[in-house]
């Protein structure tokens, strides 16, 4: 009886704690790509993924969660948004001896066709605007119920022919307190900031530049997930909060009525999401294709995200 009631109590307590944790504070920030989410499965579930994180996209939410990977896994996604914005993601993770997993991922984001104009409004050219982040990931199980993880990230930004780079860290904790219940916590963007020196750009216009530091806000995610209905239904909730913006609530559910097909619904800080997933095994390769529809809060067209997860069950065994 206690085992049946405990997960419900934990989830309700966590939900109430997350609501109380969600305070205010708006602001812009560097490294927006780290908060967007690039997994169609995760975003179809409203972004509530810090306590799921069991696929090739998991390290971008919680590096400790990748301890759940049983096979070498390659993942990729592409997200095309309004205003010529686009984000792409590629990752690879590999379980190793000693109850550990290592891997890494690359994110590229940018905006195309940014025109420059003179004081008369005439077009004078285009600006380049793109960002790359390369991350190394590692997770280690300390005891059966607890795993720690770390990401080490190099991020580089090119804006109007100016370049800046930074190195920083993410830390994650993943716990299995009781069967089917998972708890996750991650702290992201520690020690990261861009330093901009614009004198080289403005001297072309006979003007002086400035030196500016653009710090990445530290972002904290915490949440829980639980399997119901003989593991066919996965329910997850999460809050994420950074030092420049108010906290955001996430809630999601995934139902696998068929072995190869999953449906997903989510709530992402005021926006509704839904998604579909198709999973099939061909010999020693397991392929999962996911789609997510993300409604928008401000009236711009919704986003559509497609991602892919490929597991190699015999690779490096």
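A few comments on the model shown:
- Test: residue 309 is modelled with pLDDT under 95 and surrounded by 13 or more Cβ atoms within 10 Å (Cβ to Cβ): no
- Inclusion of residue 174 among residues that are free of Cβ contacts under 8 Å to residues at least 24 places away in the same chain and either surrounded by 15 or more Cβ atoms within 10 Å (Cβ to Cβ) or within 20 Å of residue 242 (Cα to Cα) (or both) is not warranted.
- Against the test of being over 28 Å from residue 247 (Cα atoms), at pLDDT 95 or above and either in contact with a helix residue (DSSP H, G or I) (Cβ under 9 Å, 6 or more places away or on another chain) or not in a strand (DSSP E or B) (or both), the options 103, 149 yield a single qualifying residue, 103.
- Hey, residue 306 touching a residue at least 60 places away in the same chain (Cβ under 8 Å), touching a strand residue (DSSP E or B) at 6+ places or on another chain (Cβ under 9 Å), part of a strand (DSSP E or B) and over 21 Å from residue 90 (Cβ atoms) or not: no
- Restricting 17, 64 to residues that are at pLDDT 95 or above, more than 18 Å from residue 254 (Cα to Cα) and in a helix (DSSP H, G or I) narrows the list to 64.
- Options 314, 245: the member that is closer than 27 Å to residue 183 by Cα, at pLDDT below 95 and surrounded by fewer than 22 Cβ atoms within 10 Å (Cβ to Cβ): 245
The values are calculated or read from the model by the stated rules, or taken from the named source; none is laboratory data. Quick caveat, the model's predicted, so the values are computed rather than measured. So basically every Cβ, Gly included, is an ideal-geometry build from the backbone, and we count neighbours across all protein chains shown.
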